[in-house]
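All remarks here apply to the structure that follows.
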Amino acid sequence: MGLSIVERPTPEDDAELVAACVAGDMAAQRALFRREYPRVNATVYRLIGSARDADDLVQETFIAVFRGLPRFRGDSKLATWIDRIAVRVVFHHIRDRGRAPIPLDVIGDVEGNGGSTDAQAHARDGLRRFYAALAELTPEARTAFALFAIDGRSISEVAQVTQTSFVAAKCRIWRARREIMKKAKDDPVLAELVKEDR
Amino acid sequence: MKRIVVDPPVSEARRERVERQLFQQLAAVRVADRAEAVIPPPKKSRAAMWWGAAACAAAVVATVLFITRDGATGGQLAQPSRVVTPVDSESTFTIGHEAVVVAKRDTSVEWHQGRDGSITLQLARGAVDCQVEPRHGRPPFKVVSGDITVVVVGTRFTVTRTPSPRVDVAHGKVRVEAPGGTWFVEAGESWTPISVTAIEEPDQASDPGLQASGPAPEIEMDPIKVSRAKKAAAPPAPESDSGRSLKREARSPSSPIAPPETRELAKEAYRAAQHLENTDPKLAAANYRAIALGKDDGWAATALVALAELDLKQNEPQAALDALDEHARRFPRSAMREDAAWFRIEALRSMGKRDEARGAAADYLREFPDGVYVKPAARLVK
């Protein structure tokens, strides 16, 4: 749920594609971009919550990917390697921007909101507050928590893409969750968004 | 805590835009890399090595003597030096006592000192932030970025080459020499040639005032102050600060660009309008309207949909609907039909017309059963 890769590429596909991209094959580069774009776009957007910034950061990610491909050794899956780059790019963006105001173009839908316009507006308001609460966290905690709670990754996946240990990733997520829940106590809209499953 | 579901915006137009800009940037980076690659490395031979060693020894002796005589100027280097920074970190270096330079992330810059003491930075890619001593009587300090040369009058500024050329001045003043003219850029101002093409080329055909005064650079920060140091052939402008009047004319939505005559011009104008969306949405909208009146149907249709999207961002749903109506009327078989249909739904929702939005969503589902907006459209219909 959440990730939109239609076809899971095999390592052989990756190796061939990488070799063609490194050789300067523009068609292969475009194929790689089109294959990876939906997932990278989704992850970057979920991490920062702004479509405008997401477009710039996705571009920055792919520039780093294409410049770094000659150094890709194939130790991990290509998708994981690209995700690491994307997360690093977003991390630097968050760190450099500091606690800047949350952009107003945060959009999204919350599960089970009924689909009415009012419910959508309510859900968007909740998301804005959620991203505002995220902005109060350290970049490390924010990145780890967003990957876990919004992008739907497991703790081990979070550890993998943030290049930290499992324990460190778990601690960051736990601390971030504690801070968010603390804020939710005083904010009913946020509380409704992040309420625990029964 | 349950999973927070955030659906990323999915749009073929957005993906195409990102893809186009990405590959343009990659092409620019490749050109810079190729330029670096063709600089032949010095040939190494045993004799040359001995000569080099002897020269180094002589240089060391000369430097020691020089420092002994005047320690204040002993740190300057005469040989070119290159600084290349990785994608994820910056590097700060000093050039004698003349300048402190921060090479931003993913930057390649080479600097050398001329016989006359002048310092030149060659920016192959990325950006540099320079803090330079005021040049009162000192040798010149220049930054060359492709065909753009920035000459320091003083004192702190940033030159960016990739992804797009740009000069930002924090303190003092610099002179920017670029194809088409020379401009002084002062503290608090930015200079970029990006929109020159889009504003300048169509205007030459339609706006005699702008044509007479020559191209205007895009200055993004207020107050707008640009003085033209060259362009002697151009007739005098009606105001003493011709850049200021140029800027006002170029930015006014009442004087948009002329409809582009060719596909290439339309493409350039579209690209410029995209850049303007963040800095000057009104001028961006005017440019999209002009492209929509152009001769290339493909770009005209795309511009109308982009205009609708921009209107939605500006919270002007009625204007967005007008653009979409025009798109539907003029280009019933446009490749942008799907995005246009979704923006219509968004516009109706923004206007509070729930039933009409639901109807438009149902139409969308019928016409694009495998479309990228099926999920949110289906939710609306429910």
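Is there any pair with a first residue in segment A:24-36 that is within 8 Å of chain B (Cβ to nearest Cβ) and a second that is buried (at least 21 other Cβ atoms within 10 Å of the Cβ) and not in a helix (DSSP H, G or I) whose Cβ atoms are under 8 Å apart and which are 6 or more apart or on different chains, and what are they?
Within 8 Å, no pair qualifies.
Among B:360, B:328, which is out of contact with any Lys or Arg (no Cβ under 7 Å at 6 or more places or on another chain) and in a helix (DSSP H, G or I)?
Answer to the selection: B:328.
Which of the residues that make up segment A:68-97 are loosely packed, with under 15 Cβ neighbours inside 10 Å and farther than 16 Å from residue A:163 by Cβ?
Of everything in segment A:68-97, those that are loosely packed, with under 15 Cβ neighbours inside 10 Å and farther than 16 Å from residue A:163 by Cβ turn out to be A:70, A:74, A:96, A:97.
Residue B:58: exposed (fewer than 12 other Cβ atoms within 10 Å of the Cβ) and at pLDDT 65 or above, yes or no?
Answer is yes for this residue.
Go through segment A:65-94 and report how many residues are within 18 Å of residue A:45 (Cβ to Cβ) and basic (Lys, Arg).
2
Do you know which residues across segment A:54-70 are more than 11 Å from chain B (Cβ to nearest Cβ) and under 26 Å from residue A:147 (Cα atoms)?
A:69
Where residues in segment B:88-112 are in a strand (DSSP E or B) and within 14 Å of chain A (Cβ to nearest Cβ), which of them is surrounded by the fewest Cβ atoms within 10 Å (Cβ to Cβ)?
Going through the qualifying residues, I end up with B:102.
When segment A:129-163 is examined, which residues are found to be on the phi < 0 side of the Ramachandran plot, surrounded by fewer than 17 Cβ atoms within 10 Å (Cβ to Cβ) and not in a helix (DSSP H, G or I)?
Of everything in segment A:129-163, those that are on the phi < 0 side of the Ramachandran plot, surrounded by fewer than 17 Cβ atoms within 10 Å (Cβ to Cβ) and not in a helix (DSSP H, G or I) turn out to be A:136, A:138, A:154.
Please work out if residue A:102 is modelled with pLDDT of 85 or more and either in a loop (DSSP other than H, G, I, E, B) or more than 11 Å from chain B (Cβ to nearest Cβ) (or both).
Judged against the criteria, residue A:102 is not a match.
Residue A:96 is checked against (1) more than 18 Å from residue B:6 (Cβ to Cβ); (2) within 11 Å of chain B (Cβ to nearest Cβ); (3) modelled with pLDDT of 90 or more and fails just one. What number does that condition carry?
All conditions pass for residue A:96, except number (3).
Suppose we keep only residues that are modelled with pLDDT of 85 or more and more than 8 Å from chain A (Cβ to nearest Cβ) within segment B:14-28. Which one would you say is nearest to the chain's Cα centre (by Cα)?
Ranking the qualifying residues of segment B:14-28, first place goes to B:20.
The values are calculated or read from the model by the stated rules, or taken from the named source; none is laboratory data. This one's a predicted model, so the numbers in the text were calculated from it and none came from an experiment. Every residue, glycine among them, receives a Cβ derived from its backbone with ideal geometry; neighbour counts consider all protein chains shown.
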